[in-house]
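Written out below as structure tokens is the structure these notes cover.
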Amino acid sequence: MANQFTLIEAKDTEYPYPKPPTTIEIHDDDAYNRDPLRLMDSLATFSRMGSIGEIDLSDEFPPNTLQHVTRFCRNQISPEDMSSLLCTYKPIIVGTGHRHIYNSQILELGTRSILGMITNIQNYECCIFPHGLATGDWIIFLFFPDPRIEVFIVGKVDDVLLQRLTKTLFNLVRVFYPIREIPCSIRKRFSRDQYLVDSGSFVFFIHYLYLYGNYLDLDTDLIRRYKVGVLSRSYWEHRNLVLHHDKWLGQLRPQPSDNPWHPFVESVGDNEFPILNQHGWVVFDVDGDGNCGFYCLILGLENNGVFSYSVSQRDAPTNPMITNKPWQFSVMRLRHHLKKESDILTSKVYDDNVVNLPWFPHTTADNLEEFRNLGQWFIADKLKQNDYFNRTHLTKLNSEWMSYQMNPYWTSYVFSYSFKMRVIVYTRNSELELEEKPKKTAKDNPKKKPKKKKPRLLKRLYRWCTHIMDHSAPIESRIDVKEGLHRLSDKEFRRRPTVELI
């Protein structure tokens, strides 16, 4: 008899689409090159703070949306979350295409209610019906107007339930195709130990099915990047959660292009300091031409919305610093400004008792006379502007001008005093652990002269230290030194404008 319900296993190596699959271009839009797992964890914290009112995002996100986003970032989404997320972050078709995603669990409603919702089903080239289970597993139905039904299973699904839900959808679409055969096939089963291992991945998987994407070519890395991309690209730019997250933490924006705004930025987010990456930091590597500390301070100002020592972004010259006069002039202005502020501190703000303060040794001055003269190391009267950037004076080994590189501790403290910001300097000292081998003696081999063996390097050890410079702190603790890496919470970081250097 025609049009009888039968559910069969299809060949899962074939795509069900009526046209060739699309190779999905992944847009994670992260110029900082952050680890997707760590970024998603940070986005989860950020969206939770927005959902409870600690951060005001009410103009950008509808009520309760952030709660769904938080669970998506934490891979804990429910069917209700799925419907909200697919509404807020709907997949975008490039070109023509008229497809539709129905709310999850629609197949559990009464027949009359469902029929009222799917009256236009024949007008779509594809319809998707997600269905979540209490176990955290999912069934995803695709309906094509050929007509046919394709079924995707993620996890373990009871066969009786699978048959019942598929037959429900079959009977519904049969109303619109009363005399047509409607094949029903299980197209693909994903076990929980495959790359679809968390509930947050189901959102991306529905995106792929909606876009006729090449889901058979996916791997874990692509899934993680796509999940970040879902939160950064949408129909509504103001719902770009990644952008809101980054703006909340600071104003600095790297320019991932051949002509960057900052000619002294070498790279962003490289893995030279893995322990910093593990703590959630992203490192901007700047040119080591003897001005690196001042470059970092300029970037720190920008991150706090201060561009008084930056070249205009619109018409910024991008030639190297050795010939970049506008940026050179900005760096020199900052050097002169900090020298002036240093002289005020050493001659007017602090009296002779400064040597008794617990943080005095961290100014790098050994006595009061040296303290009074700390300002001289910002500017050398005998050097011209280009001499600071041509790599022959400040960076040449044993050069008399090397001291005019930035003093990271005193300069950072002067900066804190001048710009009313907190500056944190992280330093890393390396130590080599060597293995001493026994020396050969003449007795071991009397015919040969004994040779001294070089010790073998076992490993390189690093010792971290954190210096916190804050002129607004009580006078006894304006330079606070802590052993190891001391990372401020995001709340504390935002409580007072802060610049971090390594």
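The values are calculated or read from the model by the stated rules, or taken from the named source; none is laboratory data. In this text the structure is predicted, and so the values were computed from the model without any measurement. No Cβ is skipped: glycine too gets one built from the backbone with ideal geometry, and neighbour counts run over all protein chains shown. Quick note on the areas: whole protein, heavy atoms, side chains included, nothing else; ligands and nucleic acids left out. Shrake-Rupley method; radii C 1.70, N 1.55, O 1.52, S 1.80 Å.
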Notebook entry, point to check: Could you list, in sequence order, the residues of segment 113-126 that are over 15 Å from residue 177 (Cα atoms) and open to solvent by less than 10 Å² (accessible area, probe 1.4 Å)?
Noted result: 114, 126
Note to self: Looking at segment 7-27 only, could you name the residues that are over 29 Å from residue 171 (Cα atoms) and hydrophobic (A, V, I, L, M, F, W, C)?
What the structure shows: 24, 26
Note to self: Just to verify a result, which residue in segment 134-156, among those that are in a loop (DSSP other than H, G, I, E, B) and open to solvent by 30 Å² or more (accessible area, probe 1.4 Å), is farthest from residue 174 (Cα to Cα)?
What the structure shows: 135
Item checked: Output for segment 248-272, where each listed residue is among the hydrophobic types (A, V, I, L, M, F, W, C), in a loop (DSSP other than H, G, I, E, B) and at pLDDT below 90 -> 252, 261
Next item on the list: Scan segment 345-377 for residues that are exposed (fewer than 14 other Cβ atoms within 10 Å of the Cβ) and in contact (Cβ under 8 Å) with a residue 60 or more places away in the chain and report the count.
Entry: 2
Next item on the list: Quickly run through segment 336-368 and pick out the residues that are assigned to a helix (DSSP H, G or I) and closer than 13 Å to residue 479 by Cα.
Entry: 354, 360, 361, 362, 363
Next item on the list: Could you list all residues from segment 369-391 that are over 21 Å from residue 329 (Cβ atoms) and part of a helix (DSSP H, G or I)?
Entry: 369, 370, 371, 372, 374, 376
Notebook entry, point to check: Of everything in segment 274-297 that's assigned to a loop (DSSP other than H, G, I, E, B), under 20 Å from the mean Cα position of the chain (by Cα) and modelled with pLDDT of 85 or more, which residue is nearest to residue 485 (Cα to Cα)?
Noted result: 281
